[in-house]
Each structure stands twice: as structure tokens, then as C-alpha cells.
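Heads up, the thing below is written out as C-alpha cells.
The values are calculated or read from the model by the stated rules, or taken from the named source; none is laboratory data. For clarity, every value in this text was computed on a predicted model and none was experimentally measured. Because the Cβ atoms are built from the backbone with ideal geometry, glycine has one as well, and the counts that use them run over all protein chains shown. When the accessible area is computed, the model is the full protein with side chains, heavy atoms only, and any ligands, DNA or RNA have been set aside. Shrake-Rupley method; radii C 1.70, N 1.55, O 1.52, S 1.80 Å.
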Amino acid sequence: MSQLLYEGKAKKMFTTDDPNVLRVEYKNDATAFNGQKKASFEGKGRLNNAICTKIFKMLQQKNVPTHYIETISETEQLVKAVSIVPIEVVVRNVVAGSLSKRLGVDEGVTLGRTIVEFYYKSDELGDPMINSDHALAMELATKEELGEIRKLALTVNDALQAFFSEAGILLVDFKLEFGKLKATDEIVLADEISPDSCRLWDKETHEKLDKDVFRRNIADLPETYEKLLKRLEDVK
Ligand code: TMP
């Protein structure tokens, strides 16, 4: 028996016979600006599933704890059941997007040090930015959990930078979500890492290979994601 547990903007989560395992289905839908802009693209679910699978496997090889178990079809993965920590973690290496607007610094400026930002995961509030004091006062996570989340986010950044660099791609910024394993409360990387949740630019030309092509009407989304997947094919 499999029941729909939750439907998000880009994925559906289903139960499986094992209470510790969920099935994720990647949808063809794309949204931006907290769901205000919407479209559906044939092939998007397959492309994000393939790209995310490659990234989770690479992270597992580097001993990063993730919810990923296996990919079972073109659009589906099995993952460990977690309770999601309601904090979206954004890691930035290069100025872009909301950081550029907030601080008045041009997109493309390389940051002197990596920035880790926290956002309170709440669609109603539009995911407001918070700091660790807010997270602790709101009891979104404990101090130890926040420390672990920050450490893991920076480890993932190192691994992703090296991975994308081999494909001639600059990792500008990305968003992560973490969960606590039902059985042990261990913090693991959850959700997805895909061009929906990263900014990826060609190192030389700064051509965008991520969802900004849809947010900003720059290029065709499936063609862009296909191009990205092709470039990642040869990376170990
Ligand atoms: P931002 O510059 O709009 O704050 O986005 C930073 C990074 O986080 C960028 O790679 C896109 C990603 N992101 C998401 O995955 N989900 C979101 O809801 C938002 C706002 C950004």
C-alpha cells in the first residue's frame, strides 16, 4: 500500500510498506517566487531526478549523511523517512539573487568567505531570513543541531564545488534542507539538490544552467537542464 503523504511544488512523497522508507516522485512542475509563477515542463521530473541522484551518490561516497537510498525509476527515488527541520539553509560563494538586492552588490562578485544563511521554512510568511538566535528561540532546532547543520552545509559546499568544477561549472549558491531520522534523530541531508535549488554558471561565459532561466525568462528549462546533465555525465 502506498499513500500520498505530502505534495510539494516540485515533488510528491508517498508512504511505502516500510515506515522508515518513503518514495519521492519528481514532478514536471516548476514554480518561482513562492509559487506566484508556475509552469509545467515535459521531462523536468526525469532530469531533476537524474541530476539529484548523481549528486546524492557523490555525497554518499564522501560520507555525507543523506536521506537517499536508491533511484527506482526515471522519476522516483526511495529515501529514508525524516522529520524535516523547518530551516532552509542557503550557502553562497558568489553574489547573486536576493543577496545582490539586499546588499546592493553586483551579481557575479566572488565573496571573500562563504556565507551560510538560515530561512524559516514557512510558505505563509514567504520563508523569512532568520539567524541562529531566532532558530533557537523558536525551537526550530537545538544549538547542537544548528552546529551540525552548519558543518554539514559547508562540507556539502566543498564537495559540490569540486564536483561542478570538474564540469567547468561555477557553484554560485544553493539551498539545502535537513531532516532528523525517525529512528535515531541523526541529522541528515534531505529534500533535493538540483538545478531548481542551485545557481550554476558556466565558468567561462557565466551562462546560467539552473532555474533562473525560468525565473527570469532567459531560456528553455528542459533544454537547460538537459545541457547540465550532459556536462555532469563524465564527472566521477
Ligand atoms: P535567493 O538568492 O533567491 O535567496 O536564492 C538563493 C539560492 O537558494 C538559489 O540557489 C536558489 C535557492 N532557492 C531555493 O531553492 N528555494 C527558494 O525558495 C529560494 C528563494 C531560493
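Working only within segment 1-26, note down all residues that are without any contact (Cβ under 8 Å) to a residue 40 or more places away in the chain, closer than 28 Å to Leu160 by Cα and assigned to a loop (DSSP other than H, G, I, E, B). Hits for segment 1-26 are Gly8, Lys9.
Examine segment 37-46 for a residue that is of a type in the set (Phe, Trp, Tyr) and closer than 19 Å to Lys151 by Cα, and state whether such a residue exists. Within segment 37-46, not a single residue is of a type in the set (Phe, Trp, Tyr) and closer than 19 Å to Lys151 by Cα. For Leu181, the test of being away from the ligand (no atom under 15 Å from the Cβ) and buried (at least 16 other Cβ atoms within 10 Å of the Cβ) is passed. Taken over segment 194-220, the criterion of being near the ligand (Cβ under 9 Å from one of its atoms) and either farther than 18 Å from Phe33 by Cα or open to solvent by 70 Å² or more (accessible area, probe 1.4 Å) (or both) is satisfied by Leu200 alone.
Of all residues in segment 172-191, those being touching an Asp or Glu at 6+ places or on another chain (Cβ under 7 Å) and on the phi > 0 side of the Ramachandran plot number 1.
Number of residues in segment 106-139 that are within 12 Å of the ligand (Cβ to nearest atom), more than 22 Å from Gln36 (Cα to Cα) and open to solvent by 40 Å² or more (accessible area, probe 1.4 Å) equals 2.
With respect to Gln60, determine if the residue is closer than 16 Å to Ile193 by Cβ, without any contact (Cβ under 8 Å) to a residue 12 or more places away in the chain and not in a loop (DSSP other than H, G, I, E, B). Judged against the criteria, Gln60 is a match.
For segment 73-80, the condition of being within 16 Å of the ligand (Cβ to nearest atom) and surrounded by 15 or more Cβ atoms within 10 Å (Cβ to Cβ) holds for none of the residues. Out of Arg199, Arg231, one residue alone is in contact (Cβ under 8 Å) with a residue 24 or more places away in the chain and assigned to a helix (DSSP H, G or I). It is Arg231. The test for being without any contact (Cβ under 8 Å) to a residue 24 or more places away in the chain and within 16 Å of the ligand (Cβ to nearest atom) holds for Ser98.
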